[in-house]
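Every number here is computed from the coordinates shown, using simple stated rules; none is lab data. A quick note: this is a predicted structure, and the numbers were derived from the prediction, not measured. Cβ placement follows ideal geometry from the backbone for every residue including glycine, while neighbour counts extend to all protein chains displayed.
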């Protein structure tokens, strides 16, 4: 089947016609419902943060906790270290407290106090999704 010339031109210009192309999904839709680990893996950078954003990084770490990611997982370790460097931020401190509690044997009990973590980005949306599933 020949490619539509309008789609080819718009694609070459980096634009979209707004018409759904078969087999294509917007990047934001990939991962959120398919594989949360994949979304988080793509979000967390080599320094452990999500684009240097404390709120998004805290939400990502909370998601990793809900997904029962091992505490020794390299991605988790980097993200936690990055949050430790920003522990003056209330969200970073909250998530670091969750991590410390889990390490000391406390159960992970998600609840309304977690809601401020889900205010930004795809990580926040994923956190809300996971919290809804956990309820």
Name, by its number, the condition in (1) farther than 20 Å from residue 111 by Cα; (2) surrounded by fewer than 20 Cβ atoms within 10 Å (Cβ to Cβ) that does not hold for residue 68. (1)
Can you pull out every residue in segment 32-66 that is farther than 15 Å from residue 86 by Cβ and assigned to a loop (DSSP other than H, G, I, E, B)? 32, 33, 34, 35, 46
